[in-house]
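Shown next, in structure tokens, is the structure this report addresses.
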Amino acid sequence: HRGDMLCAPGAAPTAAAQLRATVCWMTGDSALRPGKRLLLKHTTRTVRAEVTEVRHRLDVTTLRRDEVDQLGLNDIGEIVLRLAQPVFCDPYERNRLTGGGLLIDEATHATAGAVLITEAR
């Protein structure tokens, strides 16, 4: 939305309603799996998000990517999120302020995960 963010004309972020991101899942209360609904805290906005895909889990010992259908406590992996409203974002490697966020449990409002955006669509 107009006025949501100030930026240089040549460095405008992408307005995206779908994100691919690396996530560190920080709750043992429930696994992160497709269909999970969360809140995404991104810069100053909080939007509803749904996990549409768990792409893989990173084995931190071997750095191998293992195909899985869910992530558990302290797992790091790649997911796809569908957002109820677009956010203005960049890949984390380009801009860490607009490239990261927190996943929040809707019911408890506890932080459930940290995300680093790798692709915005």
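Figure legend. Inter-residue proximity from region 59-74: first residues closer than 21 Å to P34 by Cβ, second residues of a type in the set (S, T, Y) and open to solvent by less than 100 Å² (accessible area, probe 1.4 Å), beta-carbon distance below 7 Å, spacing 6+ or different chains. Indicated pairs: L73/T27. A107 fulfils the conditions (1) touching a strand residue (DSSP E or B) at 6+ places or on another chain (Cβ under 8 Å); (2) over 18 Å from A17 (Cβ atoms); (3) of a type in the set (A, V, I, L, M) except for a single criterion, (1). For D29, the stated conditions do not hold, so it cannot be described as touching a Pro at 6+ places or on another chain (Cβ under 8 Å) and either acidic (D, E) or in a strand (DSSP E or B) (or both).
So in region 54-78, with the set limited to residues that are in contact with a strand residue (DSSP E or B) (Cβ under 9 Å, 6 or more places away or on another chain) and of a type in the set (V, I, T), which one is most open to solvent (accessible area, probe 1.4 Å)? Talk me through it step by step, then tell me what you get.
So the first thing to find is which residues in region 54-78 are in contact with a strand residue (DSSP E or B) (Cβ under 9 Å, 6 or more places away or on another chain), and the list is 54-60, 64-78.
Still in the list and also of a type in the set (V, I, T): 54, 60, 68, 76.
Numbers: V54: 14, V60: 99, V68: 33, I76: 54 Å².
So, considering only residues that are in contact with a strand residue (DSSP E or B) (Cβ under 9 Å, 6 or more places away or on another chain) and of a type in the set (V, I, T), the one most open to solvent (accessible area, probe 1.4 Å) is V60.
Could we say that T98 is touching a residue at least 40 places away in the same chain (Cβ under 8 Å) and open to solvent by less than 70 Å² (accessible area, probe 1.4 Å) here? Answer is yes for this residue. For region 13-42, the candidate set comprises residues that are β-branched (V, I, T) and more than 12 Å from the chain's Cα centre (by Cα); within that set, the residue that is farthest from T108 (Cα to Cα) is T14.
Which residues, taken from region 32-61, are of a type in the set (V, I, T) and modelled with pLDDT under 95? It would help to see each step written out before you state the result.
Residues of region 32-61 that are of a type in the set (V, I, T), as a first pass: 43-44, 46-47, 51-52, 54, 60-61.
Scanning region 32-61 gives T43, T44, V60, T61.
Set side by side, the residues A21, A11, A15 differ, and just one is modelled with pLDDT of 95 or more, aliphatic (A, V, I, L, M) and either open to solvent by less than 30 Å² (accessible area, probe 1.4 Å) or within 18 Å of E93 (Cα to Cα) (or both), which is A21.
When only residues in region 79-95 that are open to solvent by 40 Å² or more (accessible area, probe 1.4 Å) and closer than 20 Å to L32 by Cα count, which is farthest from the chain's Cα centre (by Cα)? Looking at residues that are open to solvent by 40 Å² or more (accessible area, probe 1.4 Å) and closer than 20 Å to L32 by Cα, I get A84.
The values are calculated or read from the model by the stated rules, or taken from the named source; none is laboratory data. None of these values were measured; they are calculated from a predicted model. FYI the Cβ positions are ideal-geometry reconstructions off the backbone, even for glycines, and counts take in every protein chain you see. Surface accessibility is based on the protein's heavy atoms, side chains included, excluding ligands, DNA and RNA. Shrake-Rupley method; radii C 1.70, N 1.55, O 1.52, S 1.80 Å.
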